[in-house]
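**Q** A single structure is presented below for examination.
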């Protein structure tokens, strides 16, 4: 089958037959069901750790405990469904980042994908000797070669160790973006430009530490041909989020998935998030009202993101995303990648990965023929 033409993605001693990491999507979009289905097909399934405690009965009184407990529960549920590779996506900017990292490690998750900030600190429960001995692979999510240099320099000095891999997220990704608004459409910041820059930073560290550090490309990747083109640039694999939303196994409500199917190109917009970052989402009435200056009253039981401008926020993004996940899009909105408007049907994870593999194989064959 064409699926075997894709190269294996190796991160440390872990090997994914399909070189695709399903992006972590919160709140609750990529949970146990989606992550397990992706892992079962030979790719890497990822659970988003953000806001999971909101569904726990004691979330308003014991939010920190509820979050960690919920993450552990979701990881355990995914493990019951598959023997494949499971990762947890944890935002460094979360107020309970340390707790969630510890919770994921207690469940022996295969990968920690750490984004929305630079992972330069860990709790006292994760000293350098334990960090170096972990079976869990740590993979920061970055948006520039400069960020890679900062992380690797710090880790080298502080831990005498370096991360096991990197996800490089370009400006076409969905959700919060690691770029200033004016950089998003700047050709100097495309994924195709950033990946080679990151590779040039990584190579000396690979040589010094005697280990391979795979660079995984993410943001705006839609087809198997896109995967082939980025791997030809040197990426060891890709991260994809948007394509996995419109699957039967995605943990979001059907109304959330249908928003992707119904979206037109002009509906994909850049918003300014209450956490101080630009983000990409599907325009709807909720976002139109916010843009018009209408505030959405909320009670904040817990400042979940350290960067949240609570007093000035027109709405609570955690609550808005939770409502959207439940299908209540009148009270929230859907984050989405730049190519979400191209989604025209809901399919299975298995069918999606097989389609991507076939497209990859066709692109590979076309490339070979062009050189003959």
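**Q** State yes or no: is residue 193 in contact with a helix residue (DSSP H, G or I) (Cβ under 9 Å, 6 or more places away or on another chain), surrounded by fewer than 22 Cβ atoms within 10 Å (Cβ to Cβ) and assigned to a helix (DSSP H, G or I)?
**A** Considered against the rule, which asks whether it is in contact with a helix residue (DSSP H, G or I) (Cβ under 9 Å, 6 or more places away or on another chain), surrounded by fewer than 22 Cβ atoms within 10 Å (Cβ to Cβ) and assigned to a helix (DSSP H, G or I), residue 193 comes out as yes.
**Q** A follow-up question, please. It is to be established whether one or more residues within the range 244-264 are at pLDDT below 95, under 28 Å from residue 33 (Cα atoms) and not in a loop (DSSP other than H, G, I, E, B).
**A** Within the range 244-264, not a single residue is at pLDDT below 95, under 28 Å from residue 33 (Cα atoms) and not in a loop (DSSP other than H, G, I, E, B).
**Q** Here is a further query. For the range 312-322, does any single residue satisfy the condition of being within 23 Å of residue 244 (Cα to Cα), modelled with pLDDT of 95 or more and not in a strand (DSSP E or B)?
**A** Checked the range 312-322: no residue is within 23 Å of residue 244 (Cα to Cα), modelled with pLDDT of 95 or more and not in a strand (DSSP E or B).
**Q** A follow-up question, please. Taking the range 25-35, which residues are more than 18 Å from residue 336 (Cβ to Cβ) and crowded, with 24+ Cβ neighbours inside 10 Å? Step through it out loud before you land on a result.
**A** Step one: of the range 25-35, the residues more than 18 Å from residue 336 (Cβ to Cβ) are 32-33, 35.
Result: 35, single match.
**Q** Another one. Which of (1) modelled with pLDDT of 95 or more; (2) part of a helix (DSSP H, G or I); (3) touching a helix residue (DSSP H, G or I) at 6+ places or on another chain (Cβ under 9 Å) is the odd one out, the single condition residue 364 does not satisfy?
**A** Unmet condition: (1).
**Q** Let me ask you something else. Which numbered condition trips up residue 140, out of (1) free of Cβ contacts under 8 Å to residues at least 12 places away in the same chain; (2) not in a loop (DSSP other than H, G, I, E, B)?
**A** Here residue 140 clears every test but (1).
**Q** Turning to a different aspect of this structure: Give me a count of the residues in the range 198-207 that are exposed (fewer than 14 other Cβ atoms within 10 Å of the Cβ) and touching a residue at least 24 places away in the same chain (Cβ under 8 Å).
**A** Residues meeting the conditions: 1.
**Q** Go through (1) at positive phi; (2) touching a strand residue (DSSP E or B) at 6+ places or on another chain (Cβ under 8 Å); (3) surrounded by fewer than 22 Cβ atoms within 10 Å (Cβ to Cβ) for residue 82 and report which single condition fails.
**A** (1)
**Q** Here are 69, 130: which of them is out of contact with any strand residue (DSSP E or B) (no Cβ under 8 Å at 6 or more places or on another chain), in a helix (DSSP H, G or I) and over 23 Å from residue 322 (Cβ atoms)?
**A** Only one candidate passes the filter, namely 130.
**Q** With respect to the numbered conditions (1) modelled with pLDDT of 95 or more; (2) over 21 Å from the mean Cα position of the chain (by Cα); (3) in a helix (DSSP H, G or I), which one is the sole condition not fulfilled by residue 225?
**A** Going through the list (1) modelled with pLDDT of 95 or more; (2) over 21 Å from the mean Cα position of the chain (by Cα); (3) in a helix (DSSP H, G or I), residue 225 breaks only (2).
The values are calculated or read from the model by the stated rules, or taken from the named source; none is laboratory data. Predicted model, so just to flag it, every value in this text is computed and none were measured. Glycine also receives a Cβ, built like all others from the backbone with ideal geometry; neighbour counts cover every protein chain displayed.
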